[in-house]
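Asker: My questions will all concern the structure given below.
The values are calculated or read from the model by the stated rules, or taken from the named source; none is laboratory data. The shown structure was predicted, so the numbers you read here are calculated from the model rather than taken from an experiment. Don't worry about glycine lacking a Cβ; one is built from the backbone with ideal geometry, like all the others, and counts go over all protein chains shown.
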Amino acid sequence: MNPGKLDTLVAIRRATETRAANGSIVKTWADLAQVWASFEPISGREAVMAQQLQAVVSLKATIRHGSGVTVKDRIVNGSITYEVTRVADSGTRHSLQELWLTEAKL
């Protein structure tokens, strides 16, 4: 992939748990990293190959490998937050990662 296609700066967020003053556990999202990404809609065929329903999977993002993204993380692009549903290595020598994303229900 041409690195110039990674033209959108996104934040990777990871859930953290903290203890509130009353002793309860509170889940918050903290920024893990900012990376450049490219986005493309997933066609019905790609959604079937990923064993996901097309109505559920909305986007595929491509980022450089090495950010440590997992399916427990979220991707934030502007005001839109996505949940990561699948992570796959791609590119020459696994230099890139493809992330299947669904819009998070906040």
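Yes/no matrix, rows are residues, columns are (1) on the phi < 0 side of the Ramachandran plot; (2) acidic (Asp, Glu); (3) modelled with pLDDT under 90; (4) out of contact with any Lys or Arg (no Cβ under 9 Å at 6 or more places or on another chain):
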position	(1), (2), (3), (4)
Ile12	yes, no, no, no
Phe39	yes, no, no, no
Ala61	yes, no, no, yes
Val87	yes, no, no, yes
Glu98	yes, yes, no, no
Thr102	yes, no, yes, yes
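Asker: Another question, if that's okay. For the stretch 58-86: of the residues being among the β-branched types (Val, Ile, Thr) and surrounded by fewer than 16 Cβ atoms within 10 Å (Cβ to Cβ), which is farthest from the chain's Cα centre (by Cα)?
Answerer: Only one residue tops the list, namely Ile80.
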